[in-house]
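Working notes for the structure below.
The values are calculated or read from the model by the stated rules, or taken from the named source; none is laboratory data. Computed from a predicted structure; not experimentally measured. Reconstructed Cβ throughout: ideal geometry from the backbone, glycine too, with neighbour counts over all protein chains shown. With ligands, DNA and RNA removed, areas are computed over all heavy atoms of the protein, side chains included. Shrake-Rupley method; radii C 1.70, N 1.55, O 1.52, S 1.80 Å.
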Amino acid sequence: MNKLLLCAFALGLASTTQADNGNAFDPPVMGWSSWNTYRVNINDALIKKQADAMVQKGLKEAGYKYVNIDDGFFGYRDEHGVMQTHPERFPNGLKGVADHIHSLGLKAGIYSDGGSNTCGSIWDNDANGVGSGLYGHEHQDADLYFNKWGFDFIKIDYCGASQELSLDEEKRYTEIRRAIDKVAGNHVSINVCRWAFPGTWAKNIGCSWRISSDIRPEWKSVKYIIGKNLYLSAYAEGGHYNDMDMLEIGRGLKPEEEEVHFGMWCIMSSPLLIGCDLTSIPEASLKLLKNKELIALNQDPLGLQAYVVQHANEGYVLVKDIEQARGTTRAVALYNPSDSVCGFSVPLEILEMGGKVKMRDLVKQKDLPTVRGTLKRKLPPHSVLILRMTAEQRLEPTRYEAEWAYLPCFNDLGLRPKTILYAPMKEASGGMKISYLGGSTENHAEWSNVYSEKGGMYDMTIRYVPHADRKLEIKVNNEKSILLKDLTGTNNEPLASVTVRVCLKPGNNIVRMGSPYCWAPDIDCFTLQKTD
Ligand code: GLA
């Protein structure tokens with residue numbers, strides 16, 4: 001093993017990044033949206049009735065705020081290019097509808113497309129959607145939707161922009177954001193709807209961005225979307241969230257599947273937009289949607305998305321800090337997506353919890369017996385246990401997975417081969433590694449919360465996939481970097497490791513890995529062991 005001194009860092013002055021967000025950013029949007037149940041078949045009375053039901057059913061009180069009109073309201077552009085609403089569905093325009101929503105103390109959302117044609121014009125035969133998108137009408141539409149009609153939120157789809165015009169996502173959404181800011185000020189909440197994680201630029205544009213194709217009221221679809229979001233936690237931060245799509249609760253899933261659906265959307269800090277008919281929502285679904293303790297995970301002041309700390313058998317264990325950064329209370333999910341019973345055995349130290357740990361089941365809203373050492377559970381198929389856990393001590397983390405890293409060049413658009421990604425590898429801890437790292441300074445991996453309580457010297461052991469002709473550059477807190485060159489490994493093992501000595505300051509440290517010169521090796525994880 002290769003021991004190298006990485007940096008000498010003066011201890012003492014470094015500050016802890018204490019997440020004290022208070023209300024500094026918006027939590028994920030909560031509300032109702034018309035698409036899942038009604039598709040383009042919406043109208044004035046229907047939207048107002050759903051808004052009324054949101055109040056009557058106690059959902060407003062539970063925190064649901066937005067009533068969002070999705071595709072289907074478009075009529076035509078008049079001779080000045082001004083958008084008119086659908087003559088039968090919204091004969092009196094949309095101002096009255098938005099006013100009604102506002103009169104209930106709620107917020108109003110609208111929909112458009114980044115290109116000329118809406119998705120409904122392509123997939124739902126809604127001929128009025130042709131030419132109704134924002135393309136060429138950005139300022140005019142922003143003035144109408146936000147200033148004249150008074151909408152607070154817009155979902156911006158991409159059917160016309162990608163299928164007809166082949167526009168560049170980042171450029172197109174940036175133009176639209178600028179137009180909206182210029183015309184309406186920057187209070188409008190924007191959802192980027194490009195059906196895949198579009199790139200790290202999305203946080204400059206939107207409060208949320210879709211990460212998947214459209215949800216359906218089927219288990220397979222819920223499981224697929226959770227799967228897409230498992231390794232995107234690095235991109236969610238207060239005010240900017242991965243959007244797992246509108247909720248299919250109240251639309252025929254089994255009770256335990258609804259629990260997985262809502263529970264995972266909550267712990268992953270997705271927007272919560274109900275998609276069923278609120279006037280006839282089944283009681284059990286309504287109760288779940290009003291579960292205050294799950295909602296609190298979603299609206300938590302830290303604004304974090306839970307990340308995967310264990311993937312064993314078919315199960316996943318996810319965790320996130322809640323209430324206070326690096327406190328003793330954390331939210332944990334044991335998730336079984338499989339079709340059979342799954343055994344979980346979770347050493348509490350991987351949750352960074354020491355001593356006796358109190359547990360509360362947030363779905364059932366019941367305290368559970370305290371636990372020590374290892375949490376063992378068997379979960380039925382398609383189910384989740386969502387816990388609020390409070391430990392006697394919060395332990396210092398010792399392992400950082402590649403799949404938690406922030407990759408500035410990552411997107412999931414699949415437009416180019418050989419771009420950086422999280423890839424499955426059965427030998428890797430957690431079953432995942434990063435591939436296609438390096439080749440430029442920007443194409444690095446970053447862990448910005450490498451935590452040391454007191455600061456000091458550590459042995460950092462990096463596990464990687466050996467490969468001749470690769471190099472790895474490591475930087476801690478942007479101090480002196482170290483370049484590792486001999487990464488051939490030994491014995492033909494699928495993974496090799498190398499240890500370097502690093503100096504961490506007290507609190508959060510930023511660790512970067514990459515290679516500006518050539519490909520870096522694929523990375524599995526790194527561990528830290530204090531040396532002094
Ligand atoms: C796309 C979006 C959906 C919905 C429809 C409307 O498919 O992903 O959520 O808005 O367009 O046509």
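Would you mind telling me which numbered condition in (1) hydroxyl-bearing (Ser, Thr, Tyr); (2) out of contact with any strand residue (DSSP E or B) (no Cβ under 7 Å at 6 or more places or on another chain); (3) under 19 Å from Ser233 (Cβ atoms) Thr419 fails?
Among (1) hydroxyl-bearing (Ser, Thr, Tyr); (2) out of contact with any strand residue (DSSP E or B) (no Cβ under 7 Å at 6 or more places or on another chain); (3) under 19 Å from Ser233 (Cβ atoms), Thr419 violates only (3).
What is the number of the single condition among (1) within 29 Å of Glu427 (Cβ to Cβ); (2) surrounded by 17 or more Cβ atoms within 10 Å (Cβ to Cβ) that Pro381 does not meet?
Going through (1) within 29 Å of Glu427 (Cβ to Cβ); (2) surrounded by 17 or more Cβ atoms within 10 Å (Cβ to Cβ) one by one, Pro381 breaks only (2).
Given the conditions (1) open to solvent by less than 10 Å² (accessible area, probe 1.4 Å); (2) outside any helix (DSSP H, G or I); (3) more than 19 Å from Tyr241 (Cα to Cα), which single one is not true for Lys320?
Unmet for Lys320, out of (1) open to solvent by less than 10 Å² (accessible area, probe 1.4 Å); (2) outside any helix (DSSP H, G or I); (3) more than 19 Å from Tyr241 (Cα to Cα): (3).
Does Tyr111 fit the bill of being away from the ligand (no atom under 16 Å from the Cβ) and either touching a residue at least 40 places away in the same chain (Cβ under 8 Å) or open to solvent by 40 Å² or more (accessible area, probe 1.4 Å) (or both)?
no
Looking at Tyr76, Tyr66 in this structure, which one is within 16 Å of the ligand (Cβ to nearest atom) and open to solvent by 10 Å² or more (accessible area, probe 1.4 Å)?
That would be Tyr66, the only listed residue that is within 16 Å of the ligand (Cβ to nearest atom) and open to solvent by 10 Å² or more (accessible area, probe 1.4 Å).
Please determine, by comparing only the residues of region 233-250 that are in a loop (DSSP other than H, G, I, E, B) and either crowded, with 21+ Cβ neighbours inside 10 Å or polar (S, T, N, Q) (or both), which one is farthest from the ligand (Cβ to nearest atom).
Result: Ala236.
Looking at (1) open to solvent by less than 30 Å² (accessible area, probe 1.4 Å); (2) more than 11 Å from the ligand (Cβ to nearest atom); (3) modelled with pLDDT under 95, which one does Asp141 not meet, given that it meets all the others?
Of (1) open to solvent by less than 30 Å² (accessible area, probe 1.4 Å); (2) more than 11 Å from the ligand (Cβ to nearest atom); (3) modelled with pLDDT under 95, only one is false for Asp141: (3).
Just give me the residues in region 39-49 being surrounded by fewer than 20 Cβ atoms within 10 Å (Cβ to Cβ) and either within 19 Å of Gly93 (Cβ to Cβ) or not assigned by TED's automatic domain parsing to the domain that holds Leu104 (or both), in sequence order.
Asn41, Asn43, Ala45, Leu46, Lys48, Lys49
Which of the residues spanning region 144-164 are within 16 Å of the ligand (Cβ to nearest atom) and over 23 Å from Lys203 (Cα atoms)? Step through it out loud before you land on a result.
Of region 144-164, the ones within 16 Å of the ligand (Cβ to nearest atom) are 145, 151, 153-164.
Matches in region 144-164: Gln163, Glu164.
Filter region 202-219 down to the residues that are part of a loop (DSSP other than H, G, I, E, B) and farther than 15 Å from Ile154 by Cα and list them by number.
Hits for region 202-219 are Ile211, Ser212, Ser213, Asp214, Ile215, Arg216, Pro217, Glu218.
Just one of the numbered conditions (1) open to solvent by less than 30 Å² (accessible area, probe 1.4 Å); (2) modelled with pLDDT of 95 or more is not true of Leu484; which one?
(2)
I need the full set of residues from region 262-291 which are over 20 Å from Lys57 (Cα atoms) and either at pLDDT below 95 or within 16 Å of the ligand (Cβ to nearest atom) (or both), in order please.
Trp265, Ser270
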